[in-house]
Amino acid sequence: MQLVAGTLGKVWFLIAFTVIFWFFVDRTAKGHKLVIRRIAGFDALDEAIGRCTEMGRPVHYTFGVGELDANVLASFDVLGYVSGQCARMDTDIIITNALGEVQMMTEEIVRSAYVHAGKPDAYKADNVRFVSSVQTAYMSAILGIFQRERPGANLMLGPFFAESMMLAEAGQQIGAIQVGGTGRTIQVPFFIAACDYTLIGDELFVAGAYIGRKPLQVGAVYAQDFGKWLTLLLIVAGTILATSGNNFVTDLMKK
Amino acid sequence: MKILRSSVPIWLGVFGGSIVLLAMFIKIPVHVGLWSKWFLEWRVILASFALTLGAGNLLRIHANRIRMKREAWMYSYVTIVALIGYTVLGILFKRTHPVYSFIFDNAYSPLSATVFSINAFYISSACYRAFRARNGHAAVLLLSGVIVMLGSVGIGYAIWPGFNTMTQWIMNYPNSAAMRGMNIGAALGIIGVSLRVIFGLERGHLGGE
Amino acid sequence: MNGDFLTRMQNIDRRVIYTVVFLVLLFPMFNPIGLPLKISLVTQKAFDAVDALPAGSLVMFTTANAPGTAAELEPQSIALMRHAINNKLRVVLNPTAAESPRFVDGYRQMFLKAGYVEGKDFLVLPYLAGGETLFGAMGSDLKSAYSMIAAGSSALWDSIDGMQDFDMLADCGGGESQLWALAHIEAKHKTPTICLITAVILAVRQPYFTSGQYKGIVSGLSGAAEYEVLARVPGKGASGMDAQSMGHLWVIFTILAGNIAYFITKGKKSSGGDR
């Protein structure tokens, strides 16, 4: 068994990260309490749903036009929570989808959230809408929904591309309270400019741990933070060594 | 039934994720490598077929809108005719057929470009609202934003060539440093989510809260 | 200064902003101003990387161009295709988004008009869905990813074993495809890679240029205009630059006006307001 060329450094990093990952998952499984700092974007979800309930307007939720990746998987946790809260508060939720491959999963998540909330009859299948996988068609479909159905909250969590700016600004124009979040860093400035709350960088990926307070997932979040320290250590060590003429770290990462 | 809904998807994720991950790093025996290749190919095929699921949902929703005469129901006819008509046209005549090309070039392309161009207007109003120097950090953001805007276009160069040099510096150093930091954080988040799927800890996609 | 006016300057009606944006973009299209063009380092390096390829070199051009992004990506792509033709490079055109094949048809016509023989000097691959998975499949086994292309149907395709045979990868798009190209092809096969992107994503692609992973970047309409100048292939890129300049100027004006009004109002409030 041989390593693929150019992957030695990555393999070592992955092994180290996996060990840290299991260490923290194991700790939380054994009952150690680990704390996650407050994240305003997630705290604002209840405020947004409550506002919609007061105004009698629906909540709008969308993933963006990317593809089924970690952003979508993290967003599913938020969708499950938001759908459940909407069910409990008798507030409509409209989900617009550009990803054909997750349409069935989206329907299942929302339906099961309504079932868990004890209101299976309140689930409206027509509110989980595949609009288009084409970015511009997706954007115009949502702009139409904003104008016709005037959601009181616009939640945009997932792999966003250029549609982030348009949807956030259109949501701002109808006075919706907005939460934007994506691991695609280039879209973060647009969300910051137009949304009330923004999840920056890896904040979206802690959704399951933060909202669900699932201990094993909290452990995984700790591993992520330690991964950052590990990366920082590699960068600092690599910089110091390279400056003094030793390319061990840089060569290891290239190997 | 419960096994099909919960355990099977988790084990598929564990199995598929591990095989593809291993194949990225290790030259594994041929038959295991083939599994990885098949998973990747299935993903490509499924992505194509998934569109059909989406189209089915779209048709159902718009048919319901027409049947129940909901607000703006007449536009649903346009959606259904466009969806079915253009699909049939593509299947029967292929992409290079003049009718297909005519619709693409004279209806689809201009409509798409128009919707996309709305971004220019929305960015301008968002910039106007967001770029307010309310504190020191916002002032730095405002200043660097204006410099990069001027340094990226000819008028900035005509006003003062130094804008261009400053833009290059901002993009190469502060911007690259900040983006690298955010990218590393996001990448670790992605690895974390992926490991949760591979180890069967991630269940958000299976439904429920 | 009148307090009402200052308040209005801090809350300019968005319809006013939009109308002026429309007018300042429209005006230079009919009355070109001829503003100067400074070649950026990223475009220069992209041009140099392509220009350094000897005649007959094999280039894969993956494109996710779509009508929405075509205003920026199409002038870039056309300039690159014309440069490739002038330098007699062999090109494999690969549409990676559902809307891209129509654009690839246009590049195909350009090659045919230039006397290229399809299947020998250039090749058009069929569109395949899959996004990152497709790039992963291309990086690990290109031929089986496109197993629908029959052996013997094209001399160029038969001569290729995998991505390791390419002298350059040029990826065009406004999404994530440039990162997939780096992760699955550049990292694996050390294929020199350049990217053609929308201007808005330059900020996140720049770190990969400074690290040397991209040999160069053609970014936005300005990148297209610069590439046209460098490759001496006049096109649509340069003609849109004046409009872009004026648009930028108007946005800067609104931002500054809003801030000046904000500071005057703030100053008045802290000193006791209007009397």
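The values are calculated or read from the model by the stated rules, or taken from the named source; none is laboratory data. The structure displayed is predicted, hence computed values, not measured ones. Here Cβ is always computed from backbone atoms with ideal geometry, including for glycine, and neighbour counts include all displayed protein chains. Note: areas computed on protein heavy atoms with side chains; ligands, DNA, RNA excluded. Shrake-Rupley method; radii C 1.70, N 1.55, O 1.52, S 1.80 Å.
Summary table below
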item	result
In segment A:1-42, residue nearest to the other protein chains (Cβ to nearest Cβ) [restricted to those that are closer than 19 Å to residue B:199 by Cβ and of a type in the set (S, T, N, Q)]	A:18
Segment C:109-131: number of residues that are without any contact (Cβ under 8 Å) to a residue 24 or more places away in the chain and small (Gly, Ala, Ser)	2
Enumeration of residues in segment A:96-133 that are touching a residue at least 24 places away in the same chain (Cβ under 8 Å), surrounded by fewer than 23 Cβ atoms within 10 Å (Cβ to Cβ) and hydrophobic (A, V, I, L, M, F, W, C)	A:105, A:117, A:122
Test: residue in segment A:235-247 that is open to solvent by 40 Å² or more (accessible area, probe 1.4 Å) and touching a residue at least 60 places away in the same chain (Cβ under 8 Å)	no
Residues (on the phi > 0 side of the Ramachandran plot and either open to solvent by 40 Å² or more (accessible area, probe 1.4 Å) or among the hydroxyl-bearing types (Ser, Thr, Tyr) (or both)) located in segment C:83-123	C:88, C:115
Any hit, segment A:146-153, residues being under 19 Å from the mean Cα position of the chain (by Cα) and either of a type in the set (A, V, I, L, M) or not in a helix (DSSP H, G or I) (or both)	yes
Cβ pairs under 6 Å, 6+ apart, first in segment C:166-181 and away from chain A (no Cβ under 14 Å) and modelled with pLDDT of 95 or more, second surrounded by fewer than 24 Cβ atoms within 10 Å (Cβ to Cβ) and in a loop (DSSP other than H, G, I, E, B)	C:166/C:191; C:167/C:53; C:167/C:57; C:168/C:192; C:169/C:191
Check on residue B:194, surrounded by fewer than 21 Cβ atoms within 10 Å (Cβ to Cβ) and in contact (Cβ under 8 Å) with a residue 40 or more places away in the chain	yes
Among residues of segment B:184-209, those that are at the interface with chain A (Cβ under 8 Å from one of its Cβ atoms) and touching a Gly at 6+ places or on another chain (Cβ under 8 Å), counted	15
Extreme residue, surrounded by the most Cβ atoms within 10 Å (Cβ to Cβ), among residues of segment C:254-273 that are among the polar types (S, T, N, Q) and without any contact (Cβ under 8 Å) to a residue 60 or more places away in the chain	C:259
Residue in segment C:227-240 that is modelled with the highest pLDDT, counting only those that are farther than 17 Å from residue C:170 by Cα and open to solvent by less than 10 Å² (accessible area, probe 1.4 Å)	C:233
Residues that are more than 14 Å from chain B (Cβ to nearest Cβ) and not basic (Lys, Arg), drawn from segment A:43-60	A:43, A:44, A:47, A:48, A:50, A:52, A:53, A:54, A:55, A:56, A:59, A:60
Residue list for segment B:1-26, restricted to those being surrounded by 15 or more Cβ atoms within 10 Å (Cβ to Cβ) and modelled with pLDDT under 80	B:20, B:23, B:24, B:26
Those strands (runs of 3 or more DSSP E) lying entirely in segment A:24-130 with at least 1 residues closer than 25 Å to residue B:192 by Cα and either in contact with a helix residue (DSSP H, G or I) (Cβ under 6 Å, 6 or more places away or on another chain) or not small (Gly, Ala, Ser) (or both)	A:59-62, A:93-97
When residues of segment C:124-144 are limited to those that are part of a loop (DSSP other than H, G, I, E, B) and surrounded by 21 or more Cβ atoms within 10 Å (Cβ to Cβ), the one farthest from the other protein chains (Cβ to nearest Cβ)	C:125
Residue count for segment C:14-37, restricted to those that are at the interface with another protein chain (Cβ under 10 Å from one of its Cβ atoms), farther than 13 Å from residue B:124 by Cα and without any contact (Cβ under 8 Å) to a residue 40 or more places away in the chain	1
Filter result for residue B:132 (in contact (Cβ under 8 Å) with a residue 12 or more places away in the chain and of a type in the set (Lys, Arg))	no
Which numbered condition residue B:109 fails, given (1) open to solvent by less than 30 Å² (accessible area, probe 1.4 Å); (2) closer than 22 Å to residue B:57 by Cα; (3) at pLDDT below 90	(2)
Pairs where the first residue, in segment B:27-51, is closer than 12 Å to residue A:101 by Cβ and charged (D, E, K, R) and the second is assigned to a helix (DSSP H, G or I) and at pLDDT 70 or above, C-beta under 8 Å, 6+ apart	B:43/C:133
Those helices (runs of 4 or more DSSP H) lying entirely in segment C:182-243 with at least 1 residues under 18 Å from residue B:180 (Cβ atoms)	C:202-210
Test: residue in segment C:91-98 that is within 24 Å of residue B:100 (Cβ to Cβ), at pLDDT 95 or above and away from chain B (no Cβ under 11 Å)	yes
Hits in segment A:81-124 (condition: polar (S, T, N, Q) and either touching a Leu at 6+ places or on another chain (Cβ under 6 Å) or within 10 Å of chain B (Cβ to nearest Cβ) (or both))	A:83, A:85, A:97, A:103, A:106, A:112
Out of C:58, C:73, sole residue that is in contact with a strand residue (DSSP E or B) (Cβ under 9 Å, 6 or more places away or on another chain), farther than 29 Å from residue A:138 by Cβ and in the same structural domain as residue C:206 (by TED's automatic domain parsing)	C:58
Considering residues of segment B:48-102 that are open to solvent by less than 60 Å² (accessible area, probe 1.4 Å) and outside any helix (DSSP H, G or I) only, the residue nearest to residue C:101 (Cα to Cα)	B:97
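Listed here are the residues, each with its yes/no results for (1) open to solvent by 10 Å² or more (accessible area, probe 1.4 Å); (2) facing another protein chain (nearest Cβ under 8 Å); (3) in contact with a Pro (Cβ under 8 Å, 6 or more places away or on another chain).
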{"site": "A:158", "(1), (2), (3)": "no, no, no"}
{"site": "A:165", "(1), (2), (3)": "no, yes, no"}
{"site": "A:173", "(1), (2), (3)": "yes, yes, no"}
{"site": "A:179", "(1), (2), (3)": "no, no, no"}
{"site": "A:182", "(1), (2), (3)": "no, no, yes"}
{"site": "A:187", "(1), (2), (3)": "no, no, no"}
{"site": "A:200", "(1), (2), (3)": "yes, yes, no"}
{"site": "A:217", "(1), (2), (3)": "no, yes, no"}
{"site": "A:229", "(1), (2), (3)": "yes, no, no"}
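Residue-wise test of (1) open to solvent by less than 10 Å² (accessible area, probe 1.4 Å); (2) in the same structural domain as residue A:192 (by TED's automatic domain parsing); (3) modelled with pLDDT of 95 or more.
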site	(1), (2), (3)
A:19	no, no, no
A:50	no, yes, yes
A:60	yes, yes, yes
A:63	yes, yes, yes
A:69	no, yes, no
A:74	yes, yes, no
A:77	no, yes, no
A:82	yes, yes, yes
A:89	no, yes, yes
